[in-house]
Amino acid sequence: MSASSTFTPPPAASWPPSYAAEAVPVAGVVSFAAGGMPVVAYVGFLAVFGIAARNGILLINHCQHLERQEGVALGPALVLRGAKERLSPIMMTALATGLALVPLVVAGTIPGHEIEHPMALVIVGGLVTSTFVNLFVVPSLYLRFARSATAAASV
């Protein structure tokens, strides 16, 4: 073999800067604003936003159901029970999607995975953060801003 026919690897990609940065939503938004992500990563953002919005809406709806139909008073006990009862569906959604994408995250350096790897990183990182947000932040916000069913009925 001559020197001209030897394989030289391509230069390291500038994206993603690190795997840990994809777990932080701020890093995704900054990369989005800077234009430093491939187009397919935006598809991953759309998928994560859809899953996160669905989980948040169902959690709030379940808390409202507990208050209106089951008579649980608005307070910490309500949001803890609502989050506890929605924990299994939220975790099953995140784990099923995340585990299906693990091979794409691991095989990111193999030729042919240039399209799938960034999208898988965005989705897996987004699922991790959105799961924590839906289980800890959304119940706190609901407790802070929700009106009780009796107060809403009197208005």
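The values are calculated or read from the model by the stated rules, or taken from the named source; none is laboratory data. On a predicted model such as this, the values are computed, not experimentally measured, just so you know. FYI the Cβ positions are ideal-geometry reconstructions off the backbone, even for glycines, and counts take in every protein chain you see.
Which residues, taken from the stretch 46-64, are over 30 Å from residue 115 (Cα atoms) and either in contact with a strand residue (DSSP E or B) (Cβ under 8 Å, 6 or more places away or on another chain) or surrounded by 14 or more Cβ atoms within 10 Å (Cβ to Cβ) (or both)? 58, 59, 60, 62, 63, 64, listed by residue number. For residue 133, the conditions (1) modelled with pLDDT under 85; (2) under 22 Å from residue 42 (Cβ atoms) all hold with the exception of (1).
Of the residues 119, 91, which single one is farther than 22 Å from residue 39 by Cβ, surrounded by 12 or more Cβ atoms within 10 Å (Cβ to Cβ) and not polar (S, T, N, Q)?
Numbers: 119 fails: farther than 22 Å from residue 39 by Cβ.
Sole residue among the options that is farther than 22 Å from residue 39 by Cβ, surrounded by 12 or more Cβ atoms within 10 Å (Cβ to Cβ) and not polar (S, T, N, Q): 91.
Applying the criterion of being among the β-branched types (Val, Ile, Thr) and at pLDDT below 85 to the residues of the stretch 36-71, the residue that is farthest from residue 94 (Cα to Cα) is 39.
Kindly indicate whether residue 78 is of a type in the set (A, V, I, L, M) and modelled with pLDDT of 90 or more.
On the way: of a type in the set (A, V, I, L, M): yes; modelled with pLDDT of 90 or more: yes.
Considered against the rule, which asks whether it is of a type in the set (A, V, I, L, M) and modelled with pLDDT of 90 or more, residue 78 comes out as yes.
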